Every structure is written in C-alpha cells, then in structure tokens.
Amino acid sequence: MNRPSRTALFIALGCISTSFAWAQEAKATPRRIDIPAGDLVSGLDALAAQSGTQLLYRADQLKGARTRGVHGNVSPDDALQQLLSGSGYDVHRDSSSGAVVIVKADQQEPPARPATPPPPPKPAPAQAEAPRQPVQLESVEVTGSRIPRAEVEGPAPVTVITAQQMSSAGFTSVPDVLRSLTQNGGETQSQQSGMGAVTTPGAQQVDLRGLGPNKTLVLVNGRRVADFPLPLRGTSNFTDIGNIPLGMVDRIEVLTGSASAVYGSDAMAGVINFILKKSADGLTLDYRHGDTSRGGGASDKLTLTTGFERGNFSGVVGLELLDKKPLWAYDRKIQDSSFDSPDPDVEGQWIFQRFDWFAGAAFPEDEDKCDALAYLNGNSTFAEYGDYGFYCASDKSIGYGTIESGRKSANLYGSFNFDINDKLSWFADVQAGYAKVELMPEPLDWQYQGVGTNGDRGVFYNTESGVQEYWYRQFTPEESGGFGQVMTRDTQKTLGIATGFKGTIGEDWDWEALLNHSQYHADVSYPRIIASKANALLLGPQQGFDDYGYAAFTPDVDHFYRPLTEAEYDSITADSVFKSSARSDTLSFTIDNTALFNLPAGAVGFAGNVEYGTQAYDINPDPLALTDYYYGARYGDGHGDR
C-alpha cells in the first residue's frame, strides 16, 4: 500500500566531549616503572597499565617502532619521555580535551642528557631555533554523534575494528568479522539460517542485542543504504551485510548502545558503520586463495586499490572480485548423515512414505519395495521403521544442502574530492556491485496438495485400498540429474551514490550538503514443484471425492515406488522468479561547531541536521507463487514508499 512521504527533522544539540587529563597524572608522585626494551606498542600498553593513565595512538602506525625501555622511580610524564626517546615519535597534548596523543616526531629525539649537564651556551639570536608548531588533529565523524571530534574515544560505547586487524585475524567477509564480536548478543545469521534461505536467499543480516535485524542500523560512510528487497521471514526489513566488500573497508565502528535519539528508531539496538577507504598509497594488488582441509568452500579474492592526486582533485578507486564455491553439508562428517545426531533413536529421513492416515500404520505389502531403491541417494536408501511403521529412508540425504552459499561477485568503489577553494570542496562516493549467489536449503519434496483434503494436509482417498492415505516423496539427485536443477539462485545488483559540498563558515563552523541515493535489485529464482503436475504423475487423474470430502484417486502403488526419470522430474518442476527492488534517497544539510564554548569538563559542541528522505520497496513476485500452483507455502506480495 502506498503511503505519503514524510519529512524527518533531526536536531542534535549540546554534546559534551571529555577525556582524562594527562597533566594531573604527569606531575604525580614518582612510582616504580619497569618496562623492558622492545616493541613500542607493548611498551605504551605496559606504561598505561603501570601508571593508570590513558594514551591515544594508532597501533598500525607504530608498527615496527622500538623503545629503549624505562626502569626506576619516575613520574608518568618522565616515563613517557624516556619510552619515546629515539623512537621517532613524540607527545602531543590536545588543548581542548587534555588528551595525550602519540604522533610522529618532526625530528629524532636528542641523545639522553648526562647526569650533570654543562650550562648550554647562549645561542646567537640569528640562529635561535624556530618554535615548534603545534600538531593539528583532524576532526573525524564518530559513530553515535553528529559532532566531529579529534579524540578517538567519546562518550558513546564504540568498538573500532581496523582493516589491519581484520586482515591479521584472517577474516574473509564482513559477516565473519561481526560474528566475532562479543557485543553481538543476538546473531549474525548465515545465508542458510532458519527461514533465511527460503525468504531471503543469499542475504546475511546482523542482530545486535537480539532485538531483531530491523533494530540494528547499518551505515556505509555514515550514510544509510537500501534494504534487502525481500522481507526476512516475510515480516521485517533489514540490511544485507554480505554485499559489503571487505577489501575496501578501512574500519568498522560498532556502537552497541541505543542511538535512536541520533539516527531514529531503527538504531534502537545499535549502529554498525562501515568506513570505506579514502586514500591509497600507489597501486595495491592483493590476491587471496582460501580452501579447507576437509574440502568445499574454496575461494579466490582479488582486490585492487589505487589513488591519485591532480592539483585540487584527488581520489581513490578500488575493485574487488570474488569467486567462492559453496560448502556442502556432506563435506563435513558431523553433518553428512542423520546418524551424526547424538540421539540414539534417530531415524533416517523419509524418501518414500505411504501409510493409512487414520490407522497411523504403513502397509506390510510395501516392505520389500525398498530393495530396488537402495542405489538412490548414493547407495544410502534402506528400509526403516518409524512412528508409522515401515518406510524407505536415507541417512545421507540430510547432507544434501549447502552450509555456505556459493558467490561470484564484483564490487567497484570510488571516493573523490575537489577543493574549489580553502573553504569549499566537492565530494562524491560511488559504489556499484554485482553478485550471483547460489544455495540449496534441502532437496525438493512432494505430498498431495489440492482441493479435498478436509483439512488434513497431504491426505487423499485411495479407491483401491478403500482408506484415506498419506503419501510422501523426497526427490533424489539421481532423479534430478544432480543438484544443478535444485539450486536457488539470486542475482544481486547494488548502487550507491553520495555527493555534495562541504565547507566552513567563519573560523569555527563546518557545514555539509549531501544527496545520497542507494538501490538494491535482486532477481531470485526458486526451484518449485508444480502441484497439479506432480499429483497427476504420482496419483493419476482425480476420481471425485469420498463421503468425507477427501479427493479420490486410484493410484498405482508400484508407480509410486519407481524413481522418476530426469525428463519426468523436469516435467513437474519450474523456476519461480521474483524481481524485487528497494531504494533509499536522502537530502540533508548539517552544520556543526566542535567548540561552541568551554566548560570545566571540556568543550561544548553543537550539531544541527535537517534531513528529508524517502524509501520504497517492491517485492514483485512470480504471480503463480501467490496461488496454489506450486507445492508448498504461498508467497506474499508487497510494495510501498514513505
């Protein structure tokens, strides 16, 4: 149903940012500090732990730096100076917040002074050393606040994961990263989880705090992206994180506290902000091949990143290509058989099942019919006894499904900036993606579906036996000609464009005018059993109804226990195609001042935001999927905008 579009106005006022002041600790009573010579990052961590002070630095920038160590009773300030001596790094104290930041030194530290240094000669005025210029820290956007700040830490509980950390940990995809977070108290659903493989094939969603995927806001560069165009379990919208290229992510910021006051109700559980790369040093080419020792799931990923600068125009461009094979359950011994279950009474899955519905008992004359079917499902079909007596079962068919989807994708990303003058610049971020995903939740199956079941699904009246019967079939790979005809396929096309202008007013006010467009198209092809054709093939023509309203048939039992040929299988199956789409458009204007005025606790910042946005979706299903044409559940339709 169409709904009128609405204007959203968000104003964020008065946000105070504070940091521990090093100055109070720096002049504290000397204490015992013991830090051995070695890695500088380890030394800084040890100093913070031994002195109880806070230091801000980027571990990736300090990689490889060494320290001479510190030993003795010294103040934290003197200990820090000794620790950094000769390392090529120095201390910068932010005047507004008191934060202590480790930065690259302009020059190497001078040699250590002797215990009793001679008085220095008075330098000539002409050779006096120029005063050292203070280091200016660039303000950046921080998830959970609309006020840019120089401090890495703020009042909001933000966890930052850098590209180097993700690479060092061996993560190969964005969902892998989010699954590793302890803050993720809900779940990062796989492409096969629950109803996800049926209702949203190939998509992956994150659920912070277990409040639902639609309560976790996903941003890219601080901006909204279009939802996956099909609703999860047919009820809620969500953002597909599986389509974000990991190779182009500079860092991930995870805000695990509620941010609905800043972003809206969809940020009730938290915010995940993917910051893509804004710069590149030369040309970077990265190729990775991954495989598993037990087989399945092999992947190849090629990432190319380059940057340029031509006068006032600069940019970075990245391309990621991925080819990942599906991982099948039968590739893992713990999932390749029904008998992997710890339950000693577990039974094989139904392959051929026929029993008297009201008596709840199988027909004894059918017991020997499984002998001729033993070769099906890779020679794993056998006679089994369950709740309804005898049936033909297989323990291996439970492994006929993918644990991880196969994916072939290409993602292109570009970020550009042009400085018009000192106070005005134009920027643009562009992302385009194309992916083909294939997965298989389980083999296709059949039971009678049509008019005249009297409320009992799958039940019909057999005129030969004179009783109401239930028949069930699960089709085997020998009948379908392998798994190629049973795969669900999803072709995904994404596009995101964010462009606008930003600049300064006076000395202290920054502003940004932004137009953000994002769209997601998904063409999903589901393999389905055509109910009427399967009924006719396995039961024959309908003979009316019995006295209780059940549909009557005169089926050939021997024909039921006969495997289908590939031609027969193809005659009762079809691909049901959905062509779904979603979009999101936002026009916004933001103005901020990081230091409107000062209070004893620190500077008071201000940010104001005016935003107008529209969203739309269209499921656009196969019209036949809305009826009983296919065996199984009906699908729903929906479209709308706001």
| request: Could you please put Val41, Val249, Val451 in sequence from largest to smallest accessible area, using a 1.4 Å probe? | output: Val451, Val41, Val249
| request: Grab the eigenvalues of the alpha-carbon gyration tensor for the stretch 381-507, scale each by 5, take roots, and send me the semi-axes largest first in whole angstrom. | output: 60, 19, 12
| request: Return the Rg/Rh value of the stretch 503-575, two decimal places, where both radii are evaluated on C-alpha atoms and Rh is the Kirkwood radius. | output: 1.65
| remark: Ratio for the stretch 242-332, C-alpha Rg to 2.2 N^0.38 Å, reads 1.50
| Residue-normalised accessible area of the stretch 424-577, expressed per residue, 1.4 Å probe, Å² | 41 Å²
| query | So which of Lys63/Lys278; Lys63/Lys423; Lys324/Lys579 end up more than 28 Å apart, counting from Cα to Cα? | reply | Lys63/Lys423
| note | In whole angstrom, largest first, the equivalent ellipsoid semi-axes that the Cα gyration tensor gives for the stretch 432-508 are 56, 20, 8
| query | Just for the Cα atoms in the stretch 286-366, what are the lengths along the principal axes, largest first, rounded to whole Å? | reply | 86, 30, 21
| note | Expressed as a percent, the accessible surface of the stretch 504-619 that is carbon or sulfur, using a 1.4 Å probe and the full set of protein chains, is 57 percent
| said: Using a Debye calculation, one point per C-alpha and no hydration shell, please list log10 I(q)/I(0) for the stretch 340-438 at q = 0.15 Å⁻¹ in order. | reply: -0.77
| request: Just tell me which lysines come within less than 24 Å, Cα to Cα, of Lys325; anything on the same chain fewer than 8 places away is out. | output: Lys301, Lys333, Lys396, Lys408, Lys436, Lys493
| message | Given a 1.4 angstrom probe, I'd like the percentage of the accessible area of the stretch 382-467 that is carbon and sulfur, rounded to a whole number. | response | 52 percent
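The values are calculated or read from the model by the stated rules, or taken from the named source; none is laboratory data. None of these values were measured; they are calculated from a predicted model. These accessible areas exclude ligands, DNA and RNA; they are computed on the full protein's heavy atoms, side chains included. Shrake-Rupley method; radii C 1.70, N 1.55, O 1.52, S 1.80 Å.
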